[in-house]
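Undergrad: First the structure, then my questions, so here it is.
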Number of protein chains: 2
Amino acid sequence: MSTSLDRLIETTQALLWERGYAGTSPRAIQEQAGVGQGSMYHHFRSKAALAQAAEERSAAELIEEVRQLLDGPGDPLDRVLAYLRLERDILKGCRIGRLAADPEVVADHSLRKPLEDTFAWISTRLTGLLQEAQAGGQLQQGLDPRLLAATVLAVRQGGYVLARAASSTVPYEQAVEGLTALLTARRT
Amino acid sequence: MSTSLDRLIETTQALLWERGYAGTSPRAIQEQAGVGQGSMYHHFRSKAALAQAAEERSAAELIEEVRQLLDGPGDPLDRVLAYLRLERDILKGCRIGRLAADPEVVADHSLRKPLEDTFAWISTRLTGLLQEAQAGGQLQQGLDPRLLAATVLAVRQGGYVLARAASSTVPYEQAVEGLTALLTARRT
DNA sequence: GTCTATAGCCCGATAGAC
DNA sequence: GTCTATCGGGCTATAGAC
């Protein structure tokens, strides 16, 4: 059986993902979690405090998911490409990246930090794999793994934006395939 | 001298860019535009109708800006790369792409259409330039210009997300440089 | 820990005077 | 065209009983 505390955090994670920070009200959280007003404000002093807890859990979950994939078997470059293809619900977007649209999140350091840390972690891990790929000869020399890691992350995040704008996963898949082709292009 | 109608639309454009659809209230629009409640509801029957007008103007302005760059002088590939580098206020994000985070925008066809149309237009234009670049030998054969166009768009949109999450333009610039390196990579 | 009650303000919209 | 008044409801909390 889950505690009120857990239900509050899980519900907030879901609502932040769907509606963002501004669009998520304490009242909606309480109703969806089946937790009363008094209970919520007993556990968290404010909407921001609850949102921060939810963000931190979402960030940890996302990193764990990505870590399992990137630490998995296979050639380093293949793992990077698998990350690009990693199936999530494309039209829902990224539970972390979505929050970068909220000015209140970006303006508040405690709310922004989970976003910054998550992308920094993934970027570092991707950079390492791309370096390995270069050492192994699967990736062209002369390319900067750090820059490419940022490109990989951006294609994922931007792909979500294009997909939601088109109400179709196609632009996401095209962007990923385009980058995949560039990363695997053999010298002629 | 600007009319109330114009001030309403311009103000709504600015607020949608900053705060998104859910975060933009009729009251805030009225105050910032210096226009009364009655006046606003005389010109627009609802918040959605005003938002739609603002979106359409923003989309037209953005397309015109991009058109001028992409129709400009220089090699086709250089123009695509110039689009990637096109200086806007990176931390503000994209006035069109930002709205794809709003569930109310994505769910309402009239509100989503300007987004879809804008990205479709830019994508088509980029595809044409990349085809020209291939014909001219500046871009490697065997790559699909349609897919690469989606990648270019995604890097821009995703770069904004990473930049806002990091509160720094650096990740944006890295992502762009990474893609630029891939697109200009010479065969060895 | 959780409840109910209440506060003060904002939401999106409508009505009708001028 | 623009004004003010008003509607029913939601917003983010706070207070104090249980």
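Undergrad: How far is A:Arg88 from itself in the other copies, in nm, if each label sits 7 Å out from Cα along the Cα-Cβ line, shortest first?
TA: Reported distances to equivalent positions: 2.3 nm.
Undergrad: Still on this model: Under the convention of a label 7 Å out along Cα→Cβ, give the distances in nm from B:Pro73 to the same position in every other copy, shortest first.
TA: Inter-copy label distances (nm, one decimal, shortest first): 5.9.
Undergrad: Right, next: Each residue of the stretch A:146-163 in turn: what ³J(HN,Hα) in whole Hz from Karplus with 6.51, -1.76, 1.60 and θ = phi - 60°, glycine and Pro shown as x?
TA: With the stated coefficients, the stretch A:146-163 comes to 5, 5, 5, 4, 5, 5, 4, 4, 5, 5, 5, 5, x, x, 4, 4, 5, 5 Hz.
Undergrad: In this model, which of A:Lys92/B:Lys47; A:Lys113/B:Lys47; A:Lys47/B:Lys113 are farther than 31 Å apart at the alpha-carbon?
TA: Beyond 31 Å between Cα atoms: A:Lys113/B:Lys47; A:Lys47/B:Lys113.
Undergrad: Need the C-alpha centroid separation for the stretch B:25-53 versus the stretch A:146-186, integer Å.
TA: The stretch B:25-53 and the stretch A:146-186 have Cα centres separated by 37 Å.
Undergrad: Run lengths n ≥ 4 of DSSP H only: what is the helix-derived mean residue ellipticity at 222 nm for chain B, with -39500 (n - 2.57) per run over all residues, to the nearest 500?
TA: Here the helix-only value at 222 nm equals -23500 deg cm²/dmol.
Undergrad: On to the next question. Give the Rg/Rh ratio for the protein assembly as shown, taking Rg as the radius of gyration of the Cα atoms and Rh as the Kirkwood radius, to two decimals.
TA: 1.00
Undergrad: What is the extension gain from A:Gln37 to A:Asp89, computed as 0.36 nm multiplied by their sequence separation minus the C-alpha to C-alpha distance, in nm to one decimal?
TA: Here the segment from A:Gln37 to A:Asp89 would lengthen by 15.6 nm.
Undergrad: Taking R0 as 41 Å, what's the FRET efficiency between A:Gln141 and A:Arg57 from their Cβ-Cβ distance, rounded to 0.05?
TA: Once the sixth-power term is evaluated, E becomes 0.50.
Undergrad: Using a label point 7 angstrom from Cα along Cα-to-C-beta, what distances in nm, from shortest up, separate A:Gly34 from the other copies?
TA: Those label-point separations list as 5.5 nm.
Undergrad: Using the charge dipole of the stretch A:38-146 (Lys, Arg: +1 at Cβ; Asp, Glu: -1 at Cβ; taken about the Cα centre), state which of A:Ser58, A:Val80, A:Ala48 has its Cα farthest towards the positive end.
TA: So the residue we want is A:Ala48.
Undergrad: Still on this structure, I have one more. Could you grab the relative contact order for chain B? Cα pairs under 8 Å, six or more apart, rounded to a whole percent.
TA: Rounded, it is 21 percent for chain B.
Here, each number is a calculation from the coordinates, and none is a lab measurement. In this text the structure is predicted, and so the values were computed from the model without any measurement. Neighbour counts are summed over all protein chains in view; Cβ atoms, including those assigned to glycine, are modelled from backbone coordinates with ideal geometry.
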